[in-house]
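Visitor: The following block contains the structure, expressed as structure tokens.
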């Protein structure tokens, strides 16, 4: 299994629709960078957020997730309260090839500000908008900028194609298009 470079990512994005929309060169002037990098792709966060709130005293239960746990916000700049959490989605829609596994890491600009992003791996043949978990670990409110970079995606291609892909298993998050809370 090996990490893929910018030429491979560009070819897969343009010829096979692996990343849509695809930004071929890294954009960074006055924004948190996004687009194609040397060995990855810096994806953007959309303007759709689910910000967790304690207004209704809901309990966060991954087996019975209550919509009262969060408020839905559509904005260019999302304010995440101190020591709080939000879900968001990527601008890009991903289609992962059967022989590929993708892993995401947070952008250093946010990490150095105490903002941690968690994104689960993109399994072979998974497709959809990525649900992004954003934690504000600081005692201060934090700004998240929509349509700017949030995390870097690294693509690893296996020597052999997997026997059973995410699509074969009919994964519950296959084809997600919005911010998707947990499902059982």
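None of the figures in this text is laboratory data; all of them are computed from the coordinates on show. Worth saying up front: this structure is predicted, and the values here are computed from it rather than measured. Quick reminder, even Gly has a Cβ in these numbers, built from the backbone with ideal geometry, and neighbours come from all protein chains shown.
Visitor: Does at least one position in segment 158-172 carry a residue that is over 20 Å from residue 38 (Cα atoms) and part of a strand (DSSP E or B)?
Guide: Within segment 158-172, not a single residue is over 20 Å from residue 38 (Cα atoms) and part of a strand (DSSP E or B).
Visitor: Would you confirm whether any residue within segment 77-92 is closer than 18 Å to residue 48 by Cα, part of a loop (DSSP other than H, G, I, E, B) and over 17 Å from the mean Cα position of the chain (by Cα)?
Guide: Scanning segment 77-92 turns up at least one residue that is closer than 18 Å to residue 48 by Cα, part of a loop (DSSP other than H, G, I, E, B) and over 17 Å from the mean Cα position of the chain (by Cα).
Visitor: I would also like to ask the following. Scan segment 106-121 and report the pairs whose first residue is closer than 11 Å to residue 132 by Cβ and whose second residue is loosely packed, with under 14 Cβ neighbours inside 10 Å, with Cβ atoms within less than 6 Å and a gap of 6+ or a chain change.
Guide: Close Cβ pairs satisfying both conditions: 118/133.
Visitor: In segment 1-33, what residues are touching a residue at least 40 places away in the same chain (Cβ under 8 Å), in a loop (DSSP other than H, G, I, E, B) and over 24 Å from residue 144 (Cβ atoms)?
Guide: 1, 4, 17, 18
Visitor: A further question on this structure: Scan segment 46-73 residue by residue and report those that are over 30 Å from residue 31 (Cα atoms) and surrounded by 15 or more Cβ atoms within 10 Å (Cβ to Cβ).
Guide: 58, 65, 69
Visitor: Do you know which of the residues in segment 98-110 that are assigned to a loop (DSSP other than H, G, I, E, B) and in contact with a strand residue (DSSP E or B) (Cβ under 8 Å, 6 or more places away or on another chain) is surrounded by the fewest Cβ atoms within 10 Å (Cβ to Cβ)?
Guide: 99
Visitor: Take segment 39-54 and flag every residue that is touching a strand residue (DSSP E or B) at 6+ places or on another chain (Cβ under 8 Å) and in a loop (DSSP other than H, G, I, E, B).
Guide: Passing the criteria: 39, 53.
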